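**Student:** Just dropping this structure here.
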Amino acid sequence: MIQDIVKQLEPLPPKSKLIIFGGGYSGQRIASVGRHLGIKVLCSRREKGSKGADFIFNADHELSDEIFEGATHILSCIPPLLNGKDPVLSTIKPQLLNSKNLKWVGYLSTTGVYGDAKGAWVNENTTPNPQQERSIRRFSCENEWIETKLPIQILRLPGIYGPRRSAFESLLKGTTKMIDKPGQVFSRIHVDDIAGAVLFLINLFSQGKNPSLVNVADDIPSNNLEVIDFAAKLAKRSLPSKVPFEIAQKTMSPMALSFWQENRKVDNKLLCQKLGYSLIYPDFKSGLENCYSQLKLNQ
Ligand SMILES: NC(=O)c1ccc[n+]([C@@H]2O[C@H](COP(=O)([O-])OP(=O)(O)OC[C@H]3O[C@@H](n4cnc5c(N)ncnc54)[C@H](OP(=O)(O)O)[C@@H]3O)[C@@H](O)[C@H]2O)c1
């Protein structure tokens with residue numbers, strides 16, 4: 001519930017205006033929380049008429065200066081272009097540099113930039129070692145943002161899940177795959193904690209607690225089978241047999257395969273211990289219980 005996110009946040013200065021480039025899954029949730037905190041939020045989408053589109057941004061034309069009037073905070077949730085460039089900076093960097101009231105500029109990146117850690121923990125001091133093409137592009141965009149010298153904060157996210165995007169969707173469609181790769185873990189973050197962390201970090205930034213990089217992950221990286229098992233028990237669904245990774249990989253898409261080629265645990269101590277953010281869903285069990293309750297509400 002939005003109140004669970006809002007209740008642990010400090011209000012932002014009343015004249016704050018947050019512009020979100022890429023009002024997709026995370027962007028819309030962040031926008032809702034910002035609006036509940038009483039600030040003005042505008043979200044972009046690529047096509048007119050898309051739900052939640054306050055303005056159109058499709059990375060091939062400049063924007064009216066009106067959008068930027070009074071903007072205090074900017075967040076980009078848009079992935080890199082295939083040429084490795086950042087879509088926002090490629091198009092409107094001069095307007096961003098001219099926005100004199102900006103107090104915080106956030107960029108949602110991925111923990112993919114750490115590359116494979118062979119199951120070890122990675123934190124913000126770990127040297128990035130992106131191995132997949134998309135992670136190389138992502139790391140290049142992070143650097144593009146840093147080079148702007150705007151008041152930038154990069155949030156590195158692992159797998160995002162939440163209502164309408166969790167283990168339940170494939171369980172209900174009967175398309176769940178029980179891929180068995182012992183020792184493999186994935187870190188995750190519930191979309192409500194992305195929204196909570198963004199607004200929490202915005203507030204701290206203005207108080208001088210402004211690390212340029214923050215991992216936003218939950219406490220317990222876990223194996224995919226544990227997650228599916230837990231979801232199946234909640235939804236009272238039976239599961240197909242396990243398939244060893246060595247067999248499953250023969251029919252995986254290159255994208256799916258790329259996720260299984262990297263194994264790391266994402267450390268959240270900076271966010272949760274040093275900065276003091278309290279996760280709403282500290283592990284997949286509490287997060288999936290939330291997803292399941294939302295699913296039942298919508299049935
Ligand atoms: N999904 C994950 O598990 C995961 C994990 C780590 C990091 N991330 C990254 O975190 C960010 C937020 O993730 P999400 O899952 O919330 O994203 P999402 O739902 O896919 O939303 C992405 C947004 O970016 C917009 N967009 C995409 N390409 C664009 C372009 N070339 N020009 C203009 N707008 C463009 C989309 O426009 P429309 O609304 O018009 O489609 C959408 O609003 C993304 O950068 C994502 O890559 C995702």
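The values are calculated or read from the model by the stated rules, or taken from the named source; none is laboratory data. As the structure is a prediction and not an experimental result, all values here were calculated from the model. Cβ: placed from backbone, ideal geometry, glycine included. Neighbour counts: every protein chain shown. When the accessible area is computed, the model is the full protein with side chains, heavy atoms only, and any ligands, DNA or RNA have been set aside. Shrake-Rupley method; radii C 1.70, N 1.55, O 1.52, S 1.80 Å.
**Student:** Looking at residue 49 and the list (1) without any contact (Cβ under 8 Å) to a residue 24 or more places away in the chain; (2) loosely packed, with under 14 Cβ neighbours inside 10 Å; (3) more than 9 Å from the ligand (Cβ to nearest atom); (4) under 23 Å from residue 96 (Cα atoms), which single condition is not satisfied?
**Tutor:** Status for residue 49: all satisfied but (4).
**Student:** On to the next question. Taking into account only those residues within segment 4-30 that are within 16 Å of the ligand (Cβ to nearest atom) and part of a strand (DSSP E or B), which is farthest from residue 57 (Cα to Cα)?
**Tutor:** Top of the filtered list is 18.
**Student:** Criterion first (away from the ligand (no atom under 16 Å from the Cβ) and surrounded by 14 or more Cβ atoms within 10 Å (Cβ to Cβ)) does residue 249 satisfy it?
**Tutor:** yes
**Student:** If you don't mind, there's one more thing I want to ask. Which members of segment 1-23 meet the condition of being surrounded by 19 or more Cβ atoms within 10 Å (Cβ to Cβ) and within 21 Å of residue 159 (Cα to Cα)?
**Tutor:** Residues satisfying the conditions are 5, 20, 21, 22, 23.
**Student:** Let me ask another. Output the number of the condition that residue 58 fails; it satisfies all remaining conditions of (1) outside any helix (DSSP H, G or I); (2) more than 16 Å from the ligand (Cβ to nearest atom); (3) modelled with pLDDT under 95.
**Tutor:** (2)
**Student:** I've got another one for you. Please find, within segment 77-131, the residue that is nearest to the ligand (Cβ to nearest atom) out of those that are touching a Cys at 6+ places or on another chain (Cβ under 7 Å) and not in a strand (DSSP E or B).
**Tutor:** Of all residues in segment 77-131, those touching a Cys at 6+ places or on another chain (Cβ under 7 Å) come to 80, 86, 108.
Filter again for not in a strand (DSSP E or B), leaving 80, 86.
Working: 80: 8, 86: 10 Å.
Restricting to residues being touching a Cys at 6+ places or on another chain (Cβ under 7 Å) and not in a strand (DSSP E or B), the top hit is 80.
**Student:** Out of all the residues in segment 179-204, which are open to solvent by 10 Å² or more (accessible area, probe 1.4 Å) and away from the ligand (no atom under 13 Å from the Cβ)?
**Tutor:** 179, 180, 181, 182, 183, 185, 200, 203, 204
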